[in-house]
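Step one of this worksheet: look at the structure below.
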Amino acid sequence: MKTLRTFFLFFSLLISAITVPSCDSSTNILPAINIFTDADDVKLGDQVVDQINHDPANYPLYTGTNADAITSYISSTVVGEVLKSSDIQKKSIYNYQTKIHLIKDDKTMNAFALPGGPVYIYTGLLKYLLNESALAGVLGHEIAHAERRHASTRMSQEMGLNALLSVILGENPSQLAQIAAQLFTGLTLLQNSRANEDEADLYSFKYLTDSKYYSGSVKFFFEQMRDDGLVSSKSDKIALFLSTHPDPIDRIASTDTRLTTAGKPVISYNSTGSGINLYINEYQTNIVSKLP
Ligand SMILES: [Zn+2]
């Protein structure tokens with residue numbers, strides 16, 4: 001196995017050195033190389049979770065009775081619906097439903113995913129969103145980052161050749177731990193590219209198409225922020241989820257195009273009327289009303 005992986009790495013690096021002119025994955029001719037296995041992604045994610053658990057100053061986890069009830073509802077109902085999609089193939093490896101975490105910070109409207117499936121949701125985001133569909137859109141997007149392995153693919157591209165080889169060859173067994181520490185400290189490797197963000201929006205759309213939620217729900221957060229005059233804000237409240245690259249307005253437009261192409265109605269986060277169910281009451285009852 002290791003020999004095959006090593007051969008593949010050498011081969012891939014050789015080809016990529018010849019044909020890939022920049023690190024912007026949107027211009028790559030070949031599919032992005034990822035030298036990590038799914039099991040590596042799980043290990044990396046677990047290690048970052050462990051570090052987050054030991055850093056309550058920066059990551060004040062929300063725990064307790066209501067937190068358990070909310071987490072359990074989100075995992076079973078919202079994530080459960082998203083996971084109905086046959087486009088999610090790593091559900092038995094990444095176990096998404098056991099890896100939902102809440103951070104108690106009402107000022108931050110954000111969510112982020114780690115390699116291998118852990119997803120963190122800030123209470124600020126839960127309080128801001130108006131319906132369960134909007135949350136499903138965000139979770140579909142975050143699950144797509146894990147499922148499509150954006151972080152470890154980017155790390156494969158950004159790490160030096162020696163570091164990559166020592167992971168592959170097993171010469172430095174602590175390499176994964178070092179990478180996890182780097183991931184945690186800088187969080188720079190979690191800064192997704194424009195191409196990653198667009199792909200995560202696309203897959204959120206695909207995943208939700210097989211669920212009870214509106215397939216274009218990933219845009220609801222952006223629409224709400226646009227109407228509240230928040231999209232131009234560069235505040236760190238929205239830094240990770242929106243990131244600095246893709247314009248939220250473009251992301252609304254991309255989603256609307258996907259809806260139109262698929263022959264689906266284009267509605268908004270605050271649309272009402274017959275045939276429209278964004279699961280407002282369920283969201284209020286099971287999530288918002290239980291938040292501190
Ligand atoms: Zn993202």
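The values are calculated or read from the model by the stated rules, or taken from the named source; none is laboratory data. Predicted model only: the values in this text are computed from it and were never measured. A quick note on method: Cβ atoms are made from the backbone with ideal geometry, for glycine too, and the neighbour counts reach across all protein chains shown. We work out accessible area using only protein heavy atoms, side chains counted, and drop any ligands, DNA or RNA first. Shrake-Rupley method; radii C 1.70, N 1.55, O 1.52, S 1.80 Å.
Within the option set Asp106, Asp55, Asp46, Asp50, being surrounded by fewer than 19 Cβ atoms within 10 Å (Cβ to Cβ), within 28 Å of Ser215 (Cα to Cα) and more than 16 Å from the ligand (Cβ to nearest atom) holds for one residue only, Asp106.
Residues checked against (1) of a type in the set (Ser, Thr, Tyr); (2) touching a residue at least 60 places away in the same chain (Cβ under 8 Å); (3) open to solvent by 20 Å² or more (accessible area, probe 1.4 Å); (4) within 15 Å of the ligand (Cβ to nearest atom):
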position: Ser85; (1), (2), (3), (4): yes, yes, no, no
position: Leu102; (1), (2), (3), (4): no, no, no, no
position: Gly137; (1), (2), (3), (4): no, yes, no, yes
position: Ile143; (1), (2), (3), (4): no, yes, no, yes
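If the condition is being modelled with pLDDT under 95, surrounded by 19 or more Cβ atoms within 10 Å (Cβ to Cβ) and charged (D, E, K, R), then the stretch 237-271 contributes Lys237, Arg251.
From Tyr207, Tyr214, Tyr203, grab the single residue that is assigned to a loop (DSSP other than H, G, I, E, B), buried (at least 20 other Cβ atoms within 10 Å of the Cβ) and at pLDDT 90 or above. Among Tyr207, Tyr214, Tyr203, only Tyr214 is assigned to a loop (DSSP other than H, G, I, E, B), buried (at least 20 other Cβ atoms within 10 Å of the Cβ) and at pLDDT 90 or above. Scanning the stretch 127-173 for residues that are modelled with pLDDT under 65 and among the β-branched types (Val, Ile, Thr) yields a single hit, Ile168.
Among the residues of the stretch 254-281, those that are under 23 Å from the mean Cα position of the chain (by Cα) and charged (D, E, K, R) comprise Asp256, Arg258. Taking the stretch 217-230 as the search range and keeping residues that are more than 10 Å from the ligand (Cβ to nearest atom) and open to solvent by less than 40 Å² (accessible area, probe 1.4 Å), which one is farthest from Leu259 (Cα to Cα)? The selected residue is Met225. Summed over the stretch 92-106, the residues that are farther than 18 Å from Ile52 by Cβ and either of a type in the set (A, V, I, L, M) or in contact with a Ser or Thr (Cβ under 9 Å, 6 or more places away or on another chain) (or both) give a count of 3.
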